[in-house]
Every structure is written in C-alpha cells, then in structure tokens.
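First comes the structure, then the notes that go with it.
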Amino acid sequence: MEEINKAGQPKLNKEDFRKIVLEDYRIVNESREASLLGRREVLTGKAKFGIFGDGKELAQVAMAKVFKPGDFRSGYYRDQTFMFAIQALNLQEWFAGLYGHTDSDAEPMSAGRQMGGHYGTRFLEPDGSWKNLSQLKNSSADISPTGGQMPRLLGLAMASKYFRCNPELQTETFHKFSEKGNEIAFGTIGDASTSEGLFWETLNAAGVMQIPMLVSVWDDGHGISVPKKYQTTKESISEILKGFQRDKYGKGYEIFKTKGWDYVHLCETYERASRICREEHVPVLVHVEEVTQPQGHSTSGSHERYKSKERLDWEHDFDPIRKMKEWILATGIANEADLEAIEEGAKKIVREMKSAAWTAYLNPIRAEQTEVVELLQQLSSASQQKVFVDKLIQDLQSVKEPYRRDINTAVRTALRLTRHETLPVKQKLADWLEESKIANYDRYSSYLWSQTSLNLSSAKQQEVKYEKDFKIVDGRELLRENFDHILAKYPEVLIFGEDSGKIGGVNQGLEGLQAKYGEHRVFDTGIREATIIGQAIGLALRGLRPIAEIQYLDYLLYAIQILSDDLATLQYRTKGSQKSPVIIRTRGHRLEGIWHSGSPMGMIIHALRGINVCVPRNMTQAAGFYNTLLACDEPALVIEPLNAYRLKEKLPANIGEFRVELGKPEILVEGTDVTLVTYGSCCRIALEAVKHLQETDISVELIDVQTLLPFDIHHRIVESLKKTNRLVLLDEDVPGGASAFMMQKVLEDQEGYAFLDSAPLTIAAKEHRPAYGSDGDYFSKPSADDIFETIYRMMSEVNPARYPSLY
Ligand SMILES: Cc1ncc(C[n+]2csc(CCOP(=O)(O)OP(=O)(O)O)c2C)c(N)n1
C-alpha cells in the first residue's frame, strides 16, 4: 500500500502490516454480519426498518484510515463500516439504533429518534458546552433526504479554511475546534443521489472556495431500482466532472477513480486524496466504482426484482469481502484457517451484541409492564369492572415484547373503564401515567429547542439607551453600526451572502465592513441559497457563529428544505448532542412585485419549528435581536423589514450591546376597545389605522409580537384581551397563514376565548402573491383603510348608534 511504501513514512514491518490487514478484515466481517442479522431483526419484527452498509465495507475501512482526530463526516445511511472503523460506534450501539432505544447512553446517535443507519457523534457535553472536537473523530448527524448531507458538508470544510487563515482564532479558546484548519470534511453520497441539485451546488461552491472537502461517491449503479442510465449523464459521475479537475487553466478538484472491491487500491487512493485535501486545501472527489449491494436497497424490497441475473452474479463474484479474502490468501498474509477464525469470531460477537442491545432495550419496558400489571391487579380486586380489567391484565401480560404504547393504552383503558368508581388505586394509575408522560416527553419531544444554559431564556433584555443629543440615521446605518460592533466583539462571527462582501449588501447594512474586517469575515457568495444555509450549518457545527444572508425573504424558498430538514431538526434528532446556532439574516414584507414583497410567514413557521423566527418592525429591534442571539446558542431567522432601510431611526448609545428579548411582545399603543396584534412591516400601517380609529373614538391597543417563534411566552396578549374583549390579528401573509397561527396561540394556548365579546377576526393579504406597484400593494395587502374599516365594523356591530355604517 502506498501509505507504507511511498508516503515518506517509516515502512511498516511485515507483522504490523499483517495486523492492520487482519484488523480490517475483522471490521468488514463484523459489519457484514451486522447487516445480515440486522435484516433478520426487521423481518422478524423486532426492528421496524433496516438500511445497511453491505457491499460498501472495503471503501469505508480505507477511508477510515485517513480520517484523523478533528476531522468531520457528513454522510448517509450506508456508512456503518466507517463508523465502526473510526470507533465512533460499536456493534451494540448500532443494534440499539435499529431497535430505537431511547436512552442516549445506549444509542448515542439519536437516542432512538432516527431510524437505524443514521449516524452522528456527540459534539456537546450533557450541559451543552462543546467537547474538544479537535481530539475527536466527528460525524455530523445524518438526515434521510438524499443529497441533504451535502450543504452542511460545505460549511464543515469551509470552517478549516477560516481557522487556517484567521490568526485571531488560533488561540487557546478555539483549540477545541481546530488545529490551524488542518481538518478535512469527508462527505459520502450514493451515485444516484448525485442527481440532486444540492450535490451540484455544493460541488461548485467548494471548487470556488477551495476548501478541504473530500467527497466519496459509493457507486453501486442504482438508486433503489433506477439504474445509472436514468441518473447520470454518460453514466459516470467522475467522467462528467472532468471539467472540475484542476489544471493549468485554473483551480478546481482533484478527482480519483477506484473500485469498491480493490482493498489495496482503495487504501492508496485515500492516502493520496487525503494528503492533497488536508495539506493543500483542495477539494477532492473519490469515485468508488464497482460497489455492490448484496442485500438490496433496504428491508422494504428485494433487488431481484430489478437486477439482472448477470448483475447479481457479478455482485456475488465481486463482493468486496470475498475479493479481500482472495487477496489475503494470494499474498500469503494469512491462511484460510486464520480467516475462518476471524469470520466465526465476527458471527459470534455480532450475535452477542445484538442480544445485549435487545435486552438493554427491552428490560426497562418490561419493568414498566410488570409495574402496571401489579397496579391493574390492585384495581381488579377493588373494581366492579373486574372482568374487563382482568382481560386487560391478561392481554398486557401476554405481550412478550411490549411497546410502551401497549402499557400506556392498558392504563388509559383501565381508567376509562372505571370512570364511575372512586378507588384509591386509580390515583396510583393516574400518577403512573403522569410520570410516564414526563419521561416520554423527554424521550420523544425534548430538545426541539436548546435546553442548555445558553438557551434564549438566559439572555435577558438590555434596554436600548440614547444620548441626549442622539443622532438620527437611516435604518441601514444603524444596522451597519451594530454589525461593526458585533464583528469587533466576536472573532468567530463571519457574515456572508450574495453581495454582502464588496458592496456590503444590496441595502448596504454591511457597507465598508469587508474593508475594515477583511474578506475572510465579510464576504460574497455565489447565488446559491441552499448551500449558503448549508455553509452556515457546517460552520456553526464547528463552533463558529455565521450570519448567513438570504438576499430577499422570497428566495428563502430555495433553502427552506435544508433549513427544515437539517437545521430545524438538528438538536431534536440528536437529542441535544449537536447544535448549530446559525443566524439567518434576510429582508422581506412589502416592497415591490411578486418576488420582492413576499411574507410567507405561515409556511416559514410551520416548516421551521426548531428555529426562532424574529420579525422586527424596524432596524433597532432587528439589531437588538442579533445582539441577543449571539449571546445564545439557538438558531434563528431574522426578517428585516424591507422598506425600513432608508427610514430614520435614533442611533442608540449602546449600539452592539442592547438586547431585545425573544418571545416578548411590545405594546406600541395602549387602548381599551380592541386588541390589534401584528408584526413586521404591518406595524407601521397599523399605527396609521390606529390614529384614524382614535379620531372616530375607537381606542385600539396595538401589540407588536416581535417574534413568531417563540410566540408571546408570558401571555401578554391575553392580558390586553381582558381589558378590550376584542381581538384582531393582522399580517400580510395569505389568509389562514401566520394570522391563524397567532389566533390559535391567543385563543387556545392563552385561553383568550374566555374574554371575547366579539368574534375574533384576522386581516391578511390576498391569497395570491402581491402585485407590482403601489396599487398592486394596495389591492394585494392589507392597507390602513382595510384595517380601519375592519375594526370600525367590529365596533359598529357592538354599537351601531355610536359607529354608524360607513358605506
Ligand atoms: C429527497 C429524497 N428523495 C427520495 C428519497 C428515497 N430514497 C431513499 S434512498 C434512495 C436511493 C439513493 O440511491 P443512491 O444515492 O445511489 O444510494 P444507495 O442507496 O444506492 O447507496 C431514494 C430514492 C429520499 N430519501 N430522499
């Protein structure tokens, strides 16, 4: 192997070489046995779904050899062998994942939240502080959407470049994140998933940025049943990427081809590929061809349905483990008996680990089953419903491998059956249910939001202050001053997006900041929203604080998939063992035209639970949000009001320091007749309407919610309702969008219905996108006239004499 012969490293002696080869043989055999047994576990019903790494074993042990502490993986569901080889996962944990064991010590990848085959390591201590990532072999947490691992990979790789070129970060504080940027971000992807746009966007961006990203394509010729001829031009990803190869005409990629059954060539290839990538910070693609998939795609179907006999025969003959064995025997590294001993050992250990994982998964559930049976027996002896309760007991006892839902249903059914009886044991059952609810909340619903000491509740408001002779500036200047302070204060902050660098943003909120802080801190990107977000996710996973710009809110749709699938689920799908406190900066609401005045807030808040959504009405509030968010460890989207960059605001004396609390509405006008709830650009229009309403003797309490996620944490709005007894919710989303969300929050969560004297109303935009021009705006979005008339009519219904009909 080249690493031994040509890399300038001391040549391994024969015995050490033999040990390495046989150790690899052990790993690949154990991994294969795990795949085989894993499939059986699904077919017998113990596990729900299985997707395994059989056929990809050799490539992954080869890749693991060059994966160093500090490196990162962003891959997909085929990578079990790699995870075993870097010792980031053991066999028992792997089976625990298959069973969905909810204890994160037993199943450290996702605590049973993700289906098996979705890998990840712990980046955080239990208290949410960072582990020393430079000393660990790290894997970001997988997601199921094909190609979805690519955007984050870009950021993981880019972080190395940032750490390498920024001396401010080569200090003690940042050592746990990087050793001068010497880390590679390894990506893995199936050949068919290279058809996804995310793959191409990522590949191009990494080539432009020249970052240490090493992508391996496991090419087994199919995406489930669909062969390469329908996936890839010329049926070869490395062939069509030839234009990306670096050469005398410019920087680019180093591209390698190798074969999934050729152990020696794989090891040599990864040695060369990783050296270039790590030392020169050049992106590399390794196309691993001739890969097999012995058990087919997943447990959902069989590959005999779509693979020809010739292909199946070839896969049999070119099974990578078979080929490795042939090579070992041919070279005399070991004999048949040695290898058989390894194979038998692999079978035995996998069986043992499988049983240990199953027992560990089942025992606590069985203990609950026993406890509940005892309680039900007590109930049976006291209840008139004995016959029915006994049947429940019998049914529950007969379940050999119970789910928690069986036990919960038994308790809830028992309470339902005995609803007319007063029995002390019923309290015990209710207490059991309550405890179970708390424990299952932790198992299945915790960590959507940060649960660390740096979560939002830790960052209290810091009032904005003004000098006596404050300056009046444009909104954009206020923001720029604030970003200037942020960049000076936090070396780990970097701001990037389309036009964000040289010109400081199309609205110039960053004007001059690239010149002041350097191109590595404030910079332009290509037009590639999905990977701007992915870049930010990866950077923040490595301890940096990216502020990623999406030029207009309307273009967030290009990134909504990755925000929703990756960022919003990250803490949840790892049960808090990874975090990525990305800040996304964008601008929206009303301006001009279909794609520059959107406010699709309902879509956003429904897709992005897990990300905070701030909707400031002006740039002072926006700046206050940025300051708060940087003190916390949660991801957030801040939507600046597009029409407020040139509006005048007072320049705060404590710019860069004052903080606006999330989830805390602000009362803009106090009133007694109607509570009007809104946010963002609608605040200014509402203010105008409120003025006119005052002239007709209608007193409106105007509330700016300021953030939609979280929404009015302290239930301030219902306090207003107690006074006014009337509720109007206003925004410029479609009807039934974020205004309906706000209504549900106020009426249901805050129990506002109890205080209403009039039917609650929403005022929203039309169902279509906003038309162009001032008239387009007037007839598409709620105007001050619309607001005035809606509220006036509400009052006219209450008191027609005082408020006669208008027309
Ligand atoms: C966005 C998305 N579309 C479809 C799927 C369903 N799906 C899961 S795996 C797969 C095939 C992937 O094939 P390939 O990338 O070659 O990887 P392999 O499974 O062969 O290793 C498909 C279509 C998905 N998970 N995500």
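The values are calculated or read from the model by the stated rules, or taken from the named source; none is laboratory data. Because the structure is predicted, anything quoted here is derived from the model rather than measured. Cβ atoms come from the backbone with ideal geometry, glycine included; neighbour counts cover every protein chain shown. What goes into the accessible areas is simple: the full protein's heavy atoms, side chains included, and nothing from ligands, DNA or RNA. Shrake-Rupley method; radii C 1.70, N 1.55, O 1.52, S 1.80 Å.
Tell me the residue from Ala559, Ala568, Ala548 that is in contact with a Pro (Cβ under 9 Å, 6 or more places away or on another chain), modelled with pLDDT of 95 or more and closer than 24 Å to Val506 by Cα, please. So that I can check it myself, show each step before the final result.
Working: Ala568 fails: closer than 24 Å to Val506 by Cα; Ala548 fails: in contact with a Pro (Cβ under 9 Å, 6 or more places away or on another chain).
That would be Ala559, the only listed residue that is in contact with a Pro (Cβ under 9 Å, 6 or more places away or on another chain), modelled with pLDDT of 95 or more and closer than 24 Å to Val506 by Cα.
Residues that are under 25 Å from Pro635 (Cβ atoms), touching a Gly at 6+ places or on another chain (Cβ under 7 Å) and buried (at least 21 other Cβ atoms within 10 Å of the Cβ) within the range 686-710 comprise just one, Thr707. Scanning the range 152-194 for residues that are free of Cβ contacts under 8 Å to residues at least 40 places away in the same chain and of a type in the set (S, T, N, Q), we see that the one that is surrounded by the fewest Cβ atoms within 10 Å (Cβ to Cβ) is Thr171. Each residue in the range 788-807 was checked for being open to solvent by 40 Å² or more (accessible area, probe 1.4 Å) and either farther than 18 Å from Leu729 by Cβ or of a type in the set (Val, Ile, Thr) (or both), and 9 of them qualify. Does Glu290 satisfy being without any contact (Cβ under 8 Å) to a residue 12 or more places away in the chain and either open to solvent by 50 Å² or more (accessible area, probe 1.4 Å) or within 15 Å of the ligand (Cβ to nearest atom) (or both)? Considered against the rule, which asks whether it is without any contact (Cβ under 8 Å) to a residue 12 or more places away in the chain and either open to solvent by 50 Å² or more (accessible area, probe 1.4 Å) or within 15 Å of the ligand (Cβ to nearest atom) (or both), Glu290 comes out as no. In summary, helices (runs of 4 or more DSSP H) completely within the range 489-573 and bearing 2 or more residues that are touching a Gly at 6+ places or on another chain (Cβ under 7 Å) and over 18 Å from Gln149 (Cβ atoms) occur at 513-517.
Quick check on this structure: which one of Lys176, Lys180 is charged (D, E, K, R), on the phi > 0 side of the Ramachandran plot and part of a loop (DSSP other than H, G, I, E, B)?
Values: Lys176 fails: on the phi > 0 side of the Ramachandran plot.
Testing whether each residue is charged (D, E, K, R), on the phi > 0 side of the Ramachandran plot and part of a loop (DSSP other than H, G, I, E, B) leaves just Lys180.
Residues in the range 358-391 that are assigned to a helix (DSSP H, G or I) and either among the aromatic types (Phe, Trp, Tyr) or touching a Ser or Thr at 6+ places or on another chain (Cβ under 6 Å) (or both): 6 in all. When the residues of the range 53-85 are filtered to those that are in a strand (DSSP E or B) and away from the ligand (no atom under 15 Å from the Cβ), the one that is nearest to Ala96 (Cα to Cα) is Arg73. Beta carbons closer than 9 Å, at least 6 apart along the sequence or on distinct chains, pair a first residue in the range 570-581 that is farther than 15 Å from Ser453 by Cβ with a second that is open to solvent by 10 Å² or more (accessible area, probe 1.4 Å) and in a helix (DSSP H, G or I) for Tyr572/Ser445; Lys575/Asp442; Lys575/Arg443; Ser577/Gln571; Gln578/Gln571; Ser580/Gln571. Selection over the range 305-357 of residues that are over 37 Å from the mean Cα position of the chain (by Cα) and outside any helix (DSSP H, G or I) gives a count of 6. A single member of Ser450, Ser457, Ser446, Ser436 is touching an Asp or Glu at 6+ places or on another chain (Cβ under 6 Å) and of a type outside the set (Val, Ile, Thr), and it is Ser450. Identify the residue in the range 256-302 that is among the aliphatic types (A, V, I, L, M) and not in a loop (DSSP other than H, G, I, E, B) and, among all such residues, is farthest from Gly207 (Cα to Cα). Per the criteria, the residue is Val264.
Just name the residue that is most open to solvent (accessible area, probe 1.4 Å) out of those in the range 471-484 that are of a type outside the set (Asp, Glu) and more than 12 Å from Gly624 (Cα to Cα). Break it down stepwise before answering.
From the range 471-484, those of a type outside the set (Asp, Glu) are 471-473, 475-476, 478-480, 482-483; that's our starting set.
Still in the running and more than 12 Å from Gly624 (Cα to Cα): 471-473, 475-476, 480.
Details: Lys471: 129, Ile472: 94, Val473: 15, Gly475: 0, Arg476: 27, Arg480: 50 Å².
Within the range 471-484, the match that is most open to solvent (accessible area, probe 1.4 Å) is Lys471.
Only one entry of Gly75, Gly97, Gly147, Gly55 meets the criterion of being open to solvent by less than 10 Å² (accessible area, probe 1.4 Å), more than 30 Å from Ala631 (Cβ to Cβ), of a type in the set (Gly, Ala, Ser) and free of Cβ contacts under 8 Å to residues at least 24 places away in the same chain, and that entry is Gly97. Only residues that are more than 11 Å from the ligand (Cβ to nearest atom) and surrounded by fewer than 20 Cβ atoms within 10 Å (Cβ to Cβ) were counted in the range 209-237, giving 8. When residues in the range 443-477 are screened for being assigned to a loop (DSSP other than H, G, I, E, B) and more than 30 Å from Pro364 (Cβ to Cβ), 13 of them pass. Of (1) within 13 Å of the chain's Cα centre (by Cα); (2) open to solvent by less than 10 Å² (accessible area, probe 1.4 Å); (3) not aromatic (Phe, Trp, Tyr), His589 satisfies all except one. Which? The single condition His589 does not satisfy is (1).
If I ask for residues that are basic (Lys, Arg) and surrounded by fewer than 18 Cβ atoms within 10 Å (Cβ to Cβ), which ones from the range 759-787 would you list?
Listed by number, the residues that qualify are Lys766, Arg769.
Out of Gly155, Gly187, Gly197, report the one residue that is modelled with pLDDT of 95 or more, within 22 Å of Lys56 (Cα to Cα) and more than 9 Å from the ligand (Cβ to nearest atom).
Residue meeting the stated conditions: Gly187.
With respect to the stated conditions, Ala106 fails to be surrounded by 22 or more Cβ atoms within 10 Å (Cβ to Cβ) and in contact with a helix residue (DSSP H, G or I) (Cβ under 6 Å, 6 or more places away or on another chain).
Considering only residues in the range 244-258 that are open to solvent by 10 Å² or more (accessible area, probe 1.4 Å) and closer than 17 Å to Leu214 by Cα, the one that is farthest from the ligand (Cβ to nearest atom) turns out to be Lys251. Checking each residue in the range 293-305 for being away from the ligand (no atom under 12 Å from the Cβ) and in contact (Cβ under 8 Å) with a residue 24 or more places away in the chain picks out Pro294, Thr299, Arg305.
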